[in-house]
Amino acid sequence: MISKAFSFTLLIVLVSFSSCFGYPIKFQPSSKNCHYIDSESPNVVPQPSLPINRHKVKFPNFNQFNHGVVRCARRRPRQVIIFNVVHFGAKADGKTDASEAFRNAWDRACKSSRRSIFLVPRHKTYHIRQINFTGPCKSIMKMEIKGTIKAFSELYNDTKRFWINFHNLSNFEVRGGGIIDGNGEIWWNNSCKIKKTQPCENEQAPAAMTFDNCMNLKVTNLQIQNSQQMHLVFQECVDVKASYLKVTAPGKSPNTDGIHVTRTRNIDITMSEIKTGDDCISIVNGSKAIRVMDIECGPGHGISIGSLGENQSESRVSDVLVNGARLSGTTNGVRIKSWQGGSGYARNIIFQNIQMQNVSNPIIIDQYYCDKDESCHKQKSAVQVMNVVYKNIRGTSASEVAIKFNCSDTVPCRALILENVYLSRQGKGEAEAKCSNIIGLYNFGRFVSPSC
């Protein structure tokens, strides 16, 4: 017969095991763990209980047993405060301006000494006007956009040219699976590209989302659509990861670049789908260490470096890798474009593992770029293009000329390398290559077609 002492010990062990590994188990966080905060009261409200994922349960070290008692240790969750814009007065009624509620929620979150989340809840659409989310913030902060943020359908004049602007932030992340809707049709219809009587110099259309002077930044899992002009801008940022983005606008919407990178260093743009009326990705002056990987592009104007050197300016772009892209129906493929009269360089650039389908100008360098109604005057100076590699690029060209290197006669392109490039003509006819003013053009691999 089992002794009473042994039975009691066994009972304690079984109860301890069930408390550790029973399923389902729910964990109720304490008031020191994860909270919601209400704008009308300083009191914190505990977050509802969260089920433990049984797949993440770790079995104990059996050396913990001591006289039949199991000691179960639970790691304490990090302390986070959630600032829900609804608690600050945001209304999703289709007419109320929620800008002030967003500002108030941001101010509280940014000043919090504890980790915080700025939350836009799901299944709702909040209309806002121009807004600045400015740092630095006191602690690490995230913005979770689960619902929709939408611009009002109205024109306004502002030389800053932004709608939603994030400025001077570090260790910041925007995510959530929600939608940023620029509601840009009224801006497109008044663009000089559509309304020919409108002078282009006076255009003030804003970018939908701008990140300015930010460091260690993540932007992931968002849909950005119908921007007034550019959709997503990274300006003077360092250490950026942009991923799992869906950027869309009608193919005829003017100047609606998908992702625009300027004066930014060390940025990864990955696993994203971009379909707009202008460049899917544009990389311009002051940008270095840019990595673009696994991108779906089209419609649009392709993946562009430039334009560079406009108005006799100096431009510098270097160390760019585009690795893994699928372009379909775009007006350009992979492009480097610069104005006459500029200076500086575009160098150390690799385009590789790219598939083209019915793309006009699949591979193009144009040092005579001119985006004006009148012709541009010939000038002697130019941006130097050098050390450019095209590797493992295949597909079909919608234009007769599949490879075009239109380099400057005064500042020729230098060291252009093509390896395993095969582009055929979409439909009837043969694809051609046109090349001028190159010092050092090299073909490698099994084939390069068409070739200069």
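Working carefully through the options 85, 80, 70, find the one that is surrounded by 15 or more Cβ atoms within 10 Å (Cβ to Cβ), of a type in the set (A, V, I, L, M, F, W, C) and modelled with pLDDT under 90.
70
Taking residue 332 and the conditions (1) assigned to a strand (DSSP E or B); (2) free of Cβ contacts under 8 Å to residues at least 60 places away in the same chain, which numbered condition does it fall short on, given that it satisfies the others?
(1)
Would you confirm whether any residue within region 327-336 is at pLDDT below 95 and more than 26 Å from residue 265 (Cα to Cα)?
no
In region 400-419, what residues are buried (at least 18 other Cβ atoms within 10 Å of the Cβ) and among the polar types (S, T, N, Q)?
408
Could you list all residues from region 289-322 that are more than 23 Å from residue 249 (Cβ to Cβ), of a type outside the set (A, V, I, L, M) and within 16 Å of the chain's Cα centre (by Cα)?
291
In this structure, does residue 178 turn out to be within 18 Å of the chain's Cα centre (by Cα) and surrounded by 16 or more Cβ atoms within 10 Å (Cβ to Cβ)?
Against the criterion (within 18 Å of the chain's Cα centre (by Cα) and surrounded by 16 or more Cβ atoms within 10 Å (Cβ to Cβ)), residue 178 qualifies.
Being within 20 Å of residue 182 (Cβ to Cβ), touching a residue at least 12 places away in the same chain (Cβ under 8 Å) and in a strand (DSSP E or B) narrows it down to one of 165, 157, so name that one.
Step by step, each of 165, 157 is checked, and only 165 is within 20 Å of residue 182 (Cβ to Cβ), touching a residue at least 12 places away in the same chain (Cβ under 8 Å) and in a strand (DSSP E or B).
Checking the condition surrounded by 16 or more Cβ atoms within 10 Å (Cβ to Cβ) and more than 21 Å from residue 308 (Cα to Cα), which residue from 222, 232 passes?
That would be 222, the only listed residue that is surrounded by 16 or more Cβ atoms within 10 Å (Cβ to Cβ) and more than 21 Å from residue 308 (Cα to Cα).
Only one of 381, 399 is in a loop (DSSP other than H, G, I, E, B), touching a residue at least 24 places away in the same chain (Cβ under 8 Å) and touching a Lys or Arg at 6+ places or on another chain (Cβ under 9 Å). Can you tell me which?
Criteria check complete, one pass: 399.
Which count do you get for residues in region 74-102 that are assigned to a loop (DSSP other than H, G, I, E, B) and over 18 Å from residue 177 (Cβ atoms)?
14
Can you work out which of the residues in region 362-380 that are out of contact with any Phe, Trp or Tyr (no Cβ under 7 Å at 6 or more places or on another chain) and of a type in the set (Ser, Thr, Tyr) is nearest to residue 280 (Cα to Cα)?
In this case the residue turns out to be 368.
Just to be sure I understand, how many residues within region 335-370 are in a strand (DSSP E or B) and on the phi < 0 side of the Ramachandran plot?
21
Among the residues of region 103-126, how many are more than 11 Å from residue 81 (Cα to Cα) and part of a strand (DSSP E or B)?
3
The values are calculated or read from the model by the stated rules, or taken from the named source; none is laboratory data. Note that the coordinates shown come from a computational prediction; the quantities given were computed from them, not determined experimentally. Glycine also receives a Cβ, built like all others from the backbone with ideal geometry; neighbour counts cover every protein chain displayed.
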